[in-house]
Amino acid sequence: GVSLNCAGYTINYSQSAAGFGIQDMSDSYDSFVIKDCNIVQGSAIIGSYGIYLLNPDFGIINNNTVRTRGISSDVIRLESADTNNNITNNNIISNGTTSRGILLSTGSNLNNIINNTINITGTSAYGFYFSGSDSNTVTNNNFTTRGGVGYGVYFASTNDFNVIDKNNITTVNSNGVY
(Lines give C-alpha, C1' and ligand atoms only; values in the text may rest on other atoms or scores of the structure.)
Protein backbone atom coordinates (compact mmCIF):
# COMPACT_ATOMS: atom_id res chain seq x y z
CA GLY A 1 0.00 0.00 0.00
CA VAL A 2 0.84 3.67 -0.26
CA SER A 3 0.77 6.13 2.64
CA LEU A 4 0.55 9.91 2.24
CA ASN A 5 0.90 11.82 5.50
CA CYS A 6 0.92 15.52 4.65
CA ALA A 7 1.57 16.47 8.31
CA GLY A 8 -0.70 19.50 7.82
CA TYR A 9 0.94 20.73 4.62
CA THR A 10 -1.16 21.98 1.68
CA ILE A 11 -1.67 20.49 -1.77
CA ASN A 12 -2.83 23.41 -3.95
CA TYR A 13 -4.03 22.00 -7.27
CA SER A 14 -5.88 23.10 -10.40
CA GLN A 15 -4.27 26.54 -10.63
CA SER A 16 -4.77 27.15 -14.36
CA ALA A 17 -6.23 23.92 -15.79
CA ALA A 18 -8.50 21.09 -14.65
CA GLY A 19 -6.78 18.67 -12.31
CA PHE A 20 -7.01 16.64 -9.13
CA GLY A 21 -5.51 17.12 -5.68
CA ILE A 22 -4.89 13.38 -5.31
CA GLN A 23 -5.69 10.96 -8.12
CA ASP A 24 -5.20 7.26 -8.75
CA MET A 25 -6.84 5.90 -11.89
CA SER A 26 -4.49 2.91 -12.17
CA ASP A 27 -6.41 0.55 -9.89
CA SER A 28 -3.09 -0.31 -8.31
CA TYR A 29 -3.25 1.19 -4.81
CA ASP A 30 -5.02 -0.91 -2.22
CA SER A 31 -4.46 -0.58 1.51
CA PHE A 32 -3.68 3.13 1.08
CA VAL A 33 -3.65 5.94 3.66
CA ILE A 34 -4.27 9.65 2.97
CA LYS A 35 -4.10 11.67 6.18
CA ASP A 36 -3.48 15.08 7.68
CA CYS A 37 -3.64 16.87 4.30
CA ASN A 38 -4.99 20.30 3.41
CA ILE A 39 -6.13 19.91 -0.21
CA VAL A 40 -7.28 23.12 -1.93
CA GLN A 41 -8.53 23.76 -5.46
CA GLY A 42 -6.64 26.89 -6.55
CA SER A 43 -8.98 28.17 -9.29
CA ALA A 44 -12.68 27.58 -9.94
CA ILE A 45 -12.09 25.24 -12.89
CA ILE A 46 -14.71 22.74 -14.06
CA GLY A 47 -14.34 19.04 -13.15
CA SER A 48 -11.43 19.23 -10.72
CA TYR A 49 -11.78 16.79 -7.80
CA GLY A 50 -10.02 17.01 -4.45
CA ILE A 51 -9.48 13.24 -4.04
CA TYR A 52 -10.33 10.99 -7.00
CA LEU A 53 -9.69 7.24 -6.75
CA LEU A 54 -10.67 4.40 -9.08
CA ASN A 55 -11.25 0.94 -7.54
CA PRO A 56 -9.53 1.56 -4.20
CA ASP A 57 -9.88 -1.15 -1.55
CA PHE A 58 -9.05 -1.21 2.16
CA GLY A 59 -8.05 2.47 2.23
CA ILE A 60 -8.13 5.17 4.88
CA ILE A 61 -8.87 8.84 4.20
CA ASN A 62 -8.55 10.47 7.62
CA ASN A 63 -8.25 13.91 9.19
CA ASN A 64 -7.99 15.94 5.97
CA THR A 65 -9.44 19.30 4.96
CA VAL A 66 -10.45 19.19 1.29
CA ARG A 67 -11.91 22.22 -0.58
CA THR A 68 -13.22 22.53 -4.12
CA ARG A 69 -14.86 25.49 -5.86
CA GLY A 70 -15.27 24.67 -9.53
CA ILE A 71 -18.40 23.53 -11.37
CA SER A 72 -18.83 19.73 -11.08
CA SER A 73 -15.82 19.53 -8.76
CA ASP A 74 -16.42 16.71 -6.29
CA VAL A 75 -14.51 16.83 -3.03
CA ILE A 76 -13.94 13.07 -2.45
CA ARG A 77 -14.91 10.70 -5.27
CA LEU A 78 -14.48 6.93 -5.09
CA GLU A 79 -15.45 5.26 -8.32
CA SER A 80 -16.05 1.75 -9.67
CA ALA A 81 -15.96 -1.25 -7.36
CA ASP A 82 -14.20 0.26 -4.38
CA THR A 83 -14.69 -1.66 -1.14
CA ASN A 84 -13.84 -1.56 2.55
CA ASN A 85 -12.58 2.03 2.68
CA ASN A 86 -12.84 4.30 5.73
CA ILE A 87 -13.47 8.02 5.23
CA THR A 88 -13.26 9.52 8.71
CA ASN A 89 -12.77 12.82 10.54
CA ASN A 90 -12.47 14.97 7.41
CA ASN A 91 -13.56 18.56 6.81
CA ILE A 92 -15.15 18.61 3.34
CA ILE A 93 -16.06 21.92 1.67
CA SER A 94 -17.28 22.92 -1.78
CA ASN A 95 -18.62 26.16 -3.21
CA GLY A 96 -19.14 24.91 -6.75
CA THR A 97 -22.29 24.37 -8.79
CA THR A 98 -23.27 20.68 -9.18
CA SER A 99 -20.68 19.56 -6.66
CA ARG A 100 -20.73 16.64 -4.25
CA GLY A 101 -19.00 16.35 -0.91
CA ILE A 102 -18.52 12.57 -1.04
CA LEU A 103 -19.52 10.48 -4.05
CA LEU A 104 -19.58 6.68 -4.07
CA SER A 105 -20.34 5.37 -7.54
CA THR A 106 -21.08 2.04 -9.19
CA GLY A 107 -19.99 -0.92 -7.11
CA SER A 108 -18.79 1.12 -4.14
CA ASN A 109 -19.65 -1.30 -1.35
CA LEU A 110 -18.85 -1.90 2.32
CA ASN A 111 -17.35 1.55 2.92
CA ASN A 112 -17.56 3.48 6.21
CA ILE A 113 -18.11 7.24 6.22
CA ILE A 114 -17.86 8.36 9.84
CA ASN A 115 -17.42 11.65 11.77
CA ASN A 116 -16.97 13.99 8.80
CA THR A 117 -18.09 17.62 8.52
CA ILE A 118 -19.47 18.33 5.04
CA ASN A 119 -20.42 21.86 3.88
CA ILE A 120 -21.58 22.22 0.27
CA THR A 121 -22.90 25.47 -1.22
CA GLY A 122 -24.12 26.07 -4.76
CA THR A 123 -26.90 25.23 -7.17
CA SER A 124 -27.25 21.42 -7.18
CA ALA A 125 -25.29 20.91 -3.97
CA TYR A 126 -24.96 17.33 -2.67
CA GLY A 127 -23.47 16.48 0.72
CA PHE A 128 -23.32 12.75 0.09
CA TYR A 129 -24.14 11.12 -3.27
CA PHE A 130 -24.77 7.39 -3.74
CA SER A 131 -24.91 5.92 -7.24
CA GLY A 132 -25.17 2.13 -7.46
CA SER A 133 -23.54 1.52 -4.08
CA ASP A 134 -24.51 -1.10 -1.51
CA SER A 135 -23.91 -1.97 2.15
CA ASN A 136 -22.16 1.28 3.11
CA THR A 137 -22.35 2.86 6.57
CA VAL A 138 -22.75 6.63 6.93
CA THR A 139 -22.83 7.63 10.59
CA ASN A 140 -22.09 10.56 12.93
CA ASN A 141 -21.50 13.05 10.11
CA ASN A 142 -22.58 16.70 9.96
CA PHE A 143 -23.99 17.63 6.54
CA THR A 144 -24.86 21.21 5.58
CA THR A 145 -26.05 21.99 2.06
CA ARG A 146 -27.17 25.33 0.66
CA GLY A 147 -28.44 25.68 -2.87
CA GLY A 148 -31.35 26.06 -5.24
CA VAL A 149 -31.49 22.29 -5.66
CA GLY A 150 -29.48 20.68 -2.92
CA TYR A 151 -29.48 17.47 -0.93
CA GLY A 152 -27.88 16.37 2.32
CA VAL A 153 -27.88 12.70 1.22
CA TYR A 154 -28.91 11.70 -2.31
CA PHE A 155 -29.56 8.25 -3.80
CA ALA A 156 -29.17 8.58 -7.59
CA SER A 157 -29.90 5.00 -8.62
CA THR A 158 -30.40 1.54 -7.15
CA ASN A 159 -28.62 1.39 -3.82
CA ASP A 160 -29.29 -1.43 -1.34
CA PHE A 161 -28.59 -2.09 2.34
CA ASN A 162 -26.93 1.25 3.11
CA VAL A 163 -27.09 2.43 6.74
CA ILE A 164 -27.61 6.16 7.33
CA ASP A 165 -27.55 6.65 11.11
CA LYS A 166 -26.97 9.41 13.69
CA ASN A 167 -26.11 12.13 11.16
CA ASN A 168 -26.98 15.82 11.48
CA ILE A 169 -28.35 17.11 8.19
CA THR A 170 -28.99 20.84 7.77
CA THR A 171 -30.32 22.16 4.48
CA VAL A 172 -31.12 25.66 3.27
CA ASN A 173 -33.37 25.68 0.18
CA SER A 174 -32.52 21.98 -0.08
CA ASN A 175 -33.75 18.47 0.76
CA GLY A 176 -32.42 16.39 3.67
CA VAL A 177 -32.50 12.87 2.22
CA TYR A 178 -33.70 12.10 -1.29
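How big is the gap, in Å, between the Cα center of the range 76-113 and the Cα center of the range 115-160?
9
Would you compute the Debye intensity of the chain from its alpha-carbon atoms alone, equal scatterers and no solvent, and pass along log10 I(q)/I(0) at q = 0.10, 0.20 Å⁻¹ to two decimals?
Once normalised to I(0) and log-transformed, intensities are -0.32, -1.41.
Accessible area per residue, 1.4 Å probe, Å², for the range 17-115: what's the number? Could you put the intermediate results ahead of the total?
Numbers: 3510 Å² over 99 residues.
For the range 17-115, the per-residue accessible area is 35 Å².
In percent, what relative contact order does the chain have, based on Cα pairs under 8 Å that are 6 or more apart in sequence?
On the way: 651 pairs, mean separation 25.3, N = 178.
RCO, the chain: 14 percent.
Taking the Cβ-Cβ separation of Asn12 and Asn112 as r and a Förster radius of 22 Å, what is the calculated FRET efficiency to the nearest 0.05? Write out the running numbers ahead of the final one.
On the way: r = 29 Å, r/R0 = 1.30.
Once rounded, the FRET efficiency stands at 0.15.
Which order do peptides 157-163, 30-36 fall in by mean Cβ count within 10 Å, highest first?
Numbers: 157-163: 12.7, 30-36: 17.7.
Final packing ranking: 30-36, 157-163.
Carbon-plus-sulfur fraction of the accessible area of the chain, 1.4 Å probe, in percent? If you can, show how the numbers build up before the last one.
Working: 3450 of 7430 Å².
Ligands and nucleic acids excluded, carbon and sulfur give 46 percent.
For the range 26-98, what does the equivalent ellipsoid look like in terms of its semi-axes, each the square root of 5 times an eigenvalue of the Cα gyration tensor, given largest first in whole Å?
Values: eigenvalues 92, 40, 16 Å².
Values for the range 26-98, descending: 21, 14, 9 Å.
Could you rank the peptides 127-136, 95-104 by their average count of other C-beta atoms within 10 Å per residue, with the highest value first?
On the way: 127-136: 21.9, 95-104: 25.1.
Final packing ranking: 95-104, 127-136.
Hey, any idea what Rg/Rh is for the range 78-132, computing Rh the Kirkwood way over Cα pairs? Intermediate results must be reported in sequence, preceding the final value.
Numbers: Rg = 11.4 Å, Rh = 11.6 Å.
Reported Rg/Rh, Kirkwood definition of Rh: 0.98.
The values are calculated or read from the model by the stated rules, or taken from the named source; none is laboratory data. Predicted model, so just to flag it, every value in this text is computed and none were measured. All Cβ positions, glycine included, derive from the backbone under ideal geometry; neighbour counts span all protein chains shown. Side chains included, ligands, DNA and RNA excluded: accessible areas come from the protein's heavy atoms. Shrake-Rupley method; radii C 1.70, N 1.55, O 1.52, S 1.80 Å.
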